[in-house]
Each structure stands twice: as C-alpha cells, then as structure tokens.
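Structure first, commentary second.
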There are 2 protein chains.
Amino acid sequence: MERVDSIITAGMVLPSPLTAPIHDGAVAIQNGLIVDVGPKEAVLSRYDAARLLNRPSSLLMPGLINCHTHAAMTIFRGMADDLPLKIWLEEHIFPAEAALTPELVELGTELACAEMIRSGTTSFVDMYLFEDVVASVVDRVGMRAWLGEGVFDFSTPAFKDGANALQETERLLNKWQGHERITITIDPHTPYTCREELWLKAMKLADRTGALLVTHLSETEWEVQEMKARVGRSPVAYLDSLSLLNERMLAAHCVALSHNDMELLTRRGVAVAHCPESNLKLASGVAPVPALLRMNGRVCLGTDGAASNNDLNMFGEMRTAALLHKGVGRDPVVMSAPDVFAMATLWAADALHRPDIGRCERDCRADLVILNMDMPHMTPCYNPLSQIVYAANGAEVSDVLVNGASLMENGRLLTIDEARLLSRVKQLCLN
Amino acid sequence: MERVDSIITAGMVLPSPLTAPIHDGAVAIQNGLIVDVGPKEAVLSRYDAARLLNRPSSLLMPGLINCHTHAAMTIFRGMADDLPLKIWLEEHIFPAEAALTPELVELGTELACAEMIRSGTTSFVDMYLFEDVVASVVDRVGMRAWLGEGVFDFSTPAFKDGANALQETERLLNKWQGHERITITIDPHTPYTCREELWLKAMKLADRTGALLVTHLSETEWEVQEMKARVGRSPVAYLDSLSLLNERMLAAHCVALSHNDMELLTRRGVAVAHCPESNLKLASGVAPVPALLRMNGRVCLGTDGAASNNDLNMFGEMRTAALLHKGVGRDPVVMSAPDVFAMATLWAADALHRPDIGRCERDCRADLVILNMDMPHMTPCYNPLSQIVYAANGAEVSDVLVNGASLMENGRLLTIDEARLLSRVKQLCLN
C-alpha cells in the first residue's frame, strides 16, 4: 500500500470533457498532485490515505478556470446597471475607481475569491490595480491565479503612468517568482489606452521573462473605428503590425472581428477569453466564437468583472455561452456541452500554457470541485456534461480543492472568514 | 391588537418592481391574504400573530410566475442536447413521449414542483398530457398553477384526437372549478398542429367558460413558412383571421414576428410568454421583446420545459432575458432590471388576469419568497432589484409561501418528500 495525503471517492468522477465519466470513482492525491484516478475499489486497494473524503451522491470534476476578470470590482456589483456605456463608465465606474485604495482592492478580491470558490472556480486570470495586494489575498486564500497590474498611458490610483506600472510588473515578476499558485502576467490595458512605445516595452519584458501578455482586444465596434481613425488598422491588425500577436497572448473579448482579424488571431495562436455575459450586458455584441473554433482558434471563457456581469459564476457563463451562440447563429449544434466545458477547463489550461491543470488526471495538479447531484434540478442525470453546462448553477458545489488543499468543505469556506468578510464589505461599500 | 395567522419580518421587503424596498419590513398574513405590509415596528405593533418568521438578513419579495412550461418534461432533462431540432424531436423527444404514462407525468411534475419551489417560483402555467394528474400533484404540493391538456389534431398517449382532448378540458374545467390555487386553461397546441375546426371549438369553449386560451405561437421561422404555404398567412395573422386573438390568450414564444404580427398581438391584447433560453437552445432565435414593449405589448416570462432549457429556474431566465436583448440589440438600456422583474411578477399576473398575485401588497395573495442575501455573490447590495435580476441564481431562496402556506422553510421542502422523489426519478428514468 502506497501512502498518499488524501483520497476522494465520488459517485461519479469526470476526468475531462474528452473522457467518459467513471462511476463510483476515486482520486488519490499526494503533494498537491493527482497520483491516481480510477474505480473506487482499485484506488482504495492501492493506497493508504491520511485523509479520506467520501461523496457517494456527488460528481468530482476539474475546477473551473475563469480566464478574464477584475476580481476587486465585486465591490461595484450592481452599483450602476441598465445604462449607456459612456454614462456607466464616466459617471459611475471611473469616479468609483478614482477613489480606489489598496484596502478596497483587498476586500473586493477576497469577496471575489469567496464567490469564485463557492461556484467551483479554482483558477482565475485577473487584471486590475494594486495587483500586489491581489496576489497577497490569493496567496492567503489558496486559489491559483494569473495576475497583472493594469498598464495604461495615463495615471491610475496605483501608478502615475505606464512606465511605472511596467516597473511594478517587473517587481511583481521577481517577487512572486516560483510561487506554486501565483503567476504574474504583463497587462497592457487595450490598444487604445496604451501607445505603441508602451506596447513594445511590454512585449520586450514578456520576451525576456516568458510571461504571458494579457489584454482587452476588439471589445466593441467603437474600438475598431477608433483604431482605424488613429492608425488606419483594426486593433488586431495594429497589434500584429507591431509583431505583438503570438501564442503567449491572452486577449479578452474579441467581439468586433473581421474575417482577417480572425485569421490573424488563429494563425498567430492568440488565446481568446470569451466573456459573453459582459459583452451582452454592455451591449457590445456577440463574439464570433463558433467561427473562431471552426478555424481552430484557441478559445477560453471568462466572466469579466462583477460590475458588468454581475457575478463571477463560471457555471452561468458556460450556460450563457452554450445557449447564446445556438440562438444567435441559428445552429443548435454549435457550442456543445463538451466544447463549452473544455473552454472552462482544458482549453483554458492550454491558453495558460499549463497542461497540468484543467483536468482530473494522473500527474495533474489537484484543483478539484465536487458537485452535489442530489438536487431536483440535477435529476435525472442522463449525461453529466450536459447537466454541468445546461442545468447546474454553481450552488451544487460542496467541496473545492486547489493544489490538493481544501478551500471549501461541505459548503463551508475554510480559508476565508466569510461572516467577517461580508460585514466588512457592507460597512465599507454601503456607507 | 388584531389577530393574524402569521407575520414575516425581513431585512428588506420588496413589494413590487414599482415600489421602493422597505428596510426592516414586515408582512402580516391572514387566511392566505396579505393584510398589511410596512416597517417591522408598525406591523408588529398592530398585529398579534400565531406564527412569527424572522429573516433579518433576507429579502422578502413576491413569488415568481413561470408563464410557460411543460413541468413533467423534467424527466427528459439532458436526455438529448446539442442536436438539430428535427433529430432532437423525432429521434428523442417524440419516442420518449410516446411511452408517457400518468405515473411518469406525476413523477416529472412533482420533480418540477420541487425544482420550482427551490428556485422561488410560486405559480406556473403548464401545457402537457394527462393534465388531471398534474392538477393532483399541484393540489397536494401547494403551488398555484394554470393547467391545460394539450389539444392536437393527432393522437397522444393521453387522447385519440383533439375532440377528445377538448372533452377532457371541459371535464377538468368542471372538476377543478373553484379551487383556490388551480385554474384550468384551454390549450390548442399550435396553429400548425390544430385545424381551424379545432381552434374554433376551443375558442367557443373559452368564450363559454371564460377560461384562458394557452398556445405556442410563431416559435420558429419554419412555422411561419409552413403556415404561409398552408393558409397564405403568418400564424399570428391566421389566428386573427379566425377572430381568435384577444386579451384572454397567452401565447408562448412569438419569436418569428413581422411588424404586422406585432401590431396584431398588441392591438388584440394577446399576452406573450417570452422563453429566451429555450428559443436560444433550440436555435429558434431571439423574440423581438423590446419592440413589443415599445408598442405597449403585454409580455411575461417562461422557462419552457426542462428538455429544452434545461432547468425551470426563473432567476436564470430573468438574467438571460435582461442580458440577451441588450447585446443582440446593441442597446444597454432595454430590458432593465425593473422591467424584467415585472415580466416575472406583475406583468405575469396581468397576463393571467389576476391582479391579486405577483406583488407583495395589501389584499394580495401571500405568494412570497425569501432570499438569503448574506452570500458573497449578493454582496454588496446597492440595489436589490439589480441583485435579483443580475446576480441571484435561485439558490438564495430559503423560504417559499403560497396562499399563506409554507412550501419551503429554511431550505427544506415541507410538502414534498424530496429524498423519496429523487430516488424514484432515478429508478424510473435511468433504467
């Protein structure tokens, strides 16, 4: 009998969107790694576990990966809705962000982590301000994250200009280097808020450090027109003309794309973080994701920030992605449950160049989620993947592990004092 | 002190989408009716209650009204997804329905009720087969419902033809007459599955009894082309040519509408049950609801059956309705949170000619729902309506009352043996 840290048994184990579910399965975990997955009897006969978690009525699956968010914006959730973009941004979000402090970012990030863990997200990609504070929260809370300080040509409450923000990025790259769960990214905000010089500096830093470049790209038709007026090219074509597009870029939104833009993105291997709910709510439109997939484009999924969603729930985001494109494209076959689940797991791991996450398989990191299937809306279960994408809402999540450590057990958060957190948020935000 | 059956106090009471929320509010209930709503101190000083329910961290609101579903189809949830409509219907749904029995309908309806109660729905409008069985379940479970036997030109597992189904409808109208919570409707299935003669018979019965006429209308572009080929008119224009359109008709879907169709529907006062998620999943398209609202059309909201959704969650449906039209119509102001909440409450009550439901106000039926607001994704709460429509997912529901009686208390169903129900569904469906 080999000794392992823990074994989880579950009524069903879903290793990945590509693999058949294992009925009465189990997973053995050692040092944060999955060392075995298989039928319960086989796993239990092979290993002796310090800790045994039995969930006979549940489904065990890989944790979800939110590939685009601004976690701390939870503090602005529902502050302003149903407004034209310009009024929303200029009269509500910008003034609120102008008053941003490290303390508010810390609070909003912890709130976001609580919400994400509760709804089955184990990893997230974040771009915001005071990102060092975000990293400290992630370190303490135990999630996995890709974090980048927002780089702009203008000043933010955190930094006076883009050069300063890039210096901070370099400091963060050094500070958090080697952290098991935290990876620093380089985040020029958009093609229209960063000048050519800043983009090239960012790229140089990315080339030198191997870090991912995370940005917003072609979110709106306005952005396309603006860039055409400024530089005579679409945002995608503009970044390509600077040789910035490659497989280490993660670009959020990509709603307003020409056929040429799509060809560039797929040819260069740029990963697109599709954010359907935010794009709908802000009236930006519907990203041509089925077309990108037909061209073998790399696509993952994100919620965007809570000010434009208004939640960070990846189950809802998967559902919206699966439903939306069928109806808008009049094709009931596109964005199938396996594809959409892959966008939130396997394909997200690919976008992050981390083949060891996003699946519940041997030698992968134990980033795992357990869903209680004994609920009316999850019954009957003919097909677990279909249930996850079309019926689940995230409230089924009972247990969450990241790197083998439990962040939630039986519906209780273990690394966050939830009552204290919620009362602090109310105190600071609602006065 | 006036004696009442019960008083509920809540951190916030939201009487309707038109009314400001009452902080630290309370509701007094007597004989299934709301007799008072106001600040907690005022209500508590006026009444002496046999039962007091305190929910200081919660929001009390009117129960949601699902204006179009086929409840029993929960037993087909996730049985077949991501398929072309024809294959889905002909190779999966029709064969499954051919084997339908009263026992399966009873089971599926009880499962639907469990799911609907858990997600805050207190009333629903159902069209299916063996509807007498559905009524028995609703009677026992305690929900409020509008129920109609599906009327077709062809035979169903329940009846050999439309005339028989109409006879059954008449029997049900007599049998359930005067029931406080159950109303029988007359349900010709669609313009293309019922001949003119059957429609006219249905209308005659509706005129004689005052019952509502519930149907599916203009769900797809195919239906429009089919009716144009058969009778030279769109489905809406066809029903109007038979003088069938009036304010006692509740028509589901209405996706494929010409401008003339929209004018007819609004001029005749037909209520439209918008089912955005089902229309997306089956690739039917997006109903022109913002245009109908601009024309002062009557619109409410429904989930459709669980085979094409795949849940019966009205919170999700509200969210999809609010997001979808903004993105598709490129207008962030349409389908505001108050409008969408009205579609699920006030405007639904109007569609059902029942001004005494859909709001939490004096002299209305006590059909009420309590949401736990002390959850990360519901915090902070700048605006409760925005939170309900854009952030809630239904899992916040802790308590549900219909006609003053508790159907769920503190997360536990009181009128359904949930464990037994789920095990029976698994037994009957998954073998």
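Where a number appears in this text, it was derived from the coordinates with a stated rule and is not lab data. Here the structure is a predicted model, which is why all the values come from computation and not from measurement. In this analysis, Cβ positions are derived from the backbone assuming ideal geometry, glycine residues included, and neighbour counts consider all displayed protein chains.
Under a point-charge model restricted to the Cβ atoms of Lys and Arg (+1) and Asp and Glu (-1), what is the dipole moment magnitude of the stretch B:64-351 relative to its Cα centre, in debye to the nearest 20? Each step should come with its number before you reach the end.
Values: 25 positive and 38 negative charges, 154 e Å.
Here the size comes out at about 740 debye.
With +1 on each Lys and Arg Cβ and -1 on each Asp and Glu Cβ, and nothing else charged, work out how big the dipole of the protein assembly as shown is about its Cα centre, in Debye to the nearest 20. Mind showing how you got there, number by number?
Details: 76 positive and 108 negative charges, 47 e Å.
With Lys and Arg at +1 and Asp and Glu at -1, about 220 debye.
For B:GLY25, list long-range residues whose amide hydrogen, built 1.01 Å from N in the peptide plane, is under 5 Å from its own amide hydrogen.
B:ALA10, B:MET12, B:VAL13, B:LYS40
Taking the stretch B:64-351 as the region of interest, what is the percent of Cα-Cα pairs per 10 angstrom bin, listed from the shortest bin to the one with the maximum distance?
Going from the shortest bin to the longest, the percentages are 7, 31, 39, 21, 2.
Which distances in nm, rounded to one decimal and ordered from shortest, link the label point of B:PRO56 to the equivalent label points in the other identical copies, with labels set 7 Å from Cα toward Cβ?
4.0
Report ³J(HN,Hα) in whole Hz for each residue of the stretch B:197-204, in order, from the Karplus equation J = 6.51 cos²θ - 1.76 cosθ + 1.60 where θ = phi - 60°; Gly and Pro get x.
Values, residue by residue: 4, 5, 4, 5, 4, 4, 5, 4 Hz.
Work out the mean other chain Cβ neighbour count within 10 Å for the residues of B:105-118 and drop it here as an integer. Before the final figure, lay out the partial values.
Values: counts 0, 0, 1, 1, 0, 1, 4, 2, 1, 4, 6, 2, 1, 4.
Whole-number average of other-chain Cβ neighbours for B:105-118 is 2.
Which value in deg cm²/dmol, rounded to the nearest 500, describes the helix-derived mean residue ellipticity at 222 nm for chain A, given -39,500 (n - 2.57) per DSSP H run of n ≥ 4 and division by the residue count? Don't jump to the answer; show the numbers that get you there.
Numbers: 15 runs with 148 residues, N = 431.
One gets -10000 deg cm²/dmol as the mean residue ellipticity at 222 nm.
Using 19 Å as the Cα-Cα cut-off, could you pick out the over-long pairs in A:LYS86/A:LYS201; B:LYS86/B:LYS281; B:LYS160/B:LYS281; A:LYS326/B:LYS86; B:LYS86/B:LYS326; A:LYS426/B:LYS40?
On the way: A:LYS86/A:LYS201 30 Å; B:LYS86/B:LYS281 13 Å; B:LYS160/B:LYS281 31 Å; A:LYS326/B:LYS86 15 Å; B:LYS86/B:LYS326 30 Å; A:LYS426/B:LYS40 22 Å.
Over 19 Å apart, Cα to Cα: A:LYS86/A:LYS201; B:LYS160/B:LYS281; B:LYS86/B:LYS326; A:LYS426/B:LYS40.
Cα atoms only: what Rg and Dmax, in Å, come out for the stretch A:10-89?
Reported Rg and Dmax, both Å: 20.3, 62.
Can you name the chain A residue with its Cβ nearest the rotation axis from A to B, and give the distance in Å as a whole number?
A:ALA395, 2
What is the dipole size for the stretch A:139-234, taken about its Cα centre, with +1 at each Lys and Arg Cβ and -1 at each Asp and Glu Cβ, in debye to the nearest 20? The partial results should precede the final answer.
Details: 13 positive and 15 negative charges, 53 e Å.
I would put it at about 260 debye.
How far is B:GLN427 from itself in the other copies, in nm, if each label sits 7 Å out from Cα along the Cα-Cβ line, shortest first?
5.3
Taking each label point as 7 Å beyond Cα in the direction of the beta carbon, state the distances from B:GLU90 to the same residue in the other copies, shortest first, in nm.
Reported distances to equivalent positions: 5.6 nm.
Would you be so kind as to identify which of A:ALA49, A:LEU14, B:THR320 lies farthest towards the positive end of the dipole of the protein assembly as shown, taking Lys and Arg as +1 and Asp and Glu as -1 on Cβ and the Cα centre as origin?
Towards the positive end, the residue furthest out is B:THR320.
Can you give me the convex hull volume of the Cα atoms of the stretch B:299-394, divided per residue and expressed in Å³? Write out the running numbers ahead of the final one.
Values: hull volume 11.8 nm³, N = 96.
It is 123 Å³ per residue.
Give the span of the protein assembly as shown's Cα atoms along each principal axis, as three whole-Å numbers ordered largest to smallest.
81, 59, 58
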